[in-house]
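Colleague: What follows is a single structure, and I will ask about it in a moment.
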Amino acid sequence: FPTFPEEGFAEKFLRKTRENPLVPLGCLCTVSVLIYGVICFKKGNTRRSQLMMRARVLAQGFTFAALLGGMVATAVKSRQ
């Protein structure tokens with residue numbers, strides 16, 4: 001595995017995002033849906049709040065699948 005000893009947080013984040021762009025996208029979607037669901041709950045719109053919490057679970061599942069897919073792709077690439 002390659003090491004990047006002089007790599008800072010920003011450089012590492014950008015490198016990891018380029019390697020697997022779906023994980024940050026999934027995280028952003030999960031947080032967005034969560035915030036919107038909490039706002040709907042606070043306003044008293046329980047039906048929309050429940051819908052957003054279900055959408056959050058789906059977004060978390062997508063993020064987890066993207067993370068696993070990226071790990072598998074990296075493992076396969078390193079074996080070749």
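The values are calculated or read from the model by the stated rules, or taken from the named source; none is laboratory data. Since this is a predicted model, take the numbers as computed values, not measurements. We place every Cβ from the backbone using ideal geometry, glycine too, and count neighbours over all the protein chains shown. Side chains are part of the model used for accessible areas, which takes the heavy atoms of the whole protein and leaves out ligands, DNA and RNA. Shrake-Rupley method; radii C 1.70, N 1.55, O 1.52, S 1.80 Å.
Colleague: Pull up segment 11-31, narrow it to residues that are over 11 Å from the mean Cα position of the chain (by Cα) and open to solvent by 60 Å² or more (accessible area, probe 1.4 Å), then point me to the one that is farthest from Leu51 (Cα to Cα).
Modeller: Glu11
Colleague: Now for a different question. Given (1) touching a residue at least 24 places away in the same chain (Cβ under 8 Å); (2) surrounded by fewer than 13 Cβ atoms within 10 Å (Cβ to Cβ), where does Glu7 come up short, assuming only one miss?
Modeller: The number of the failed condition is (1).
Colleague: Here is a list of conditions, (1) at pLDDT 90 or above; (2) out of contact with any Leu (no Cβ under 8 Å at 6 or more places or on another chain), and Ala75 meets all of them except one; can you say which number that is?
Modeller: With (1) at pLDDT 90 or above; (2) out of contact with any Leu (no Cβ under 8 Å at 6 or more places or on another chain) applied to Ala75, the lone miss is (1).
Colleague: While we're on this one: Scan segment 2-53 for residues that are in a helix (DSSP H, G or I) and closer than 26 Å to Ala65 by Cα and report the count.
Modeller: Residues flagged as in a helix (DSSP H, G or I) and closer than 26 Å to Ala65 by Cα within segment 2-53 amount to 34.
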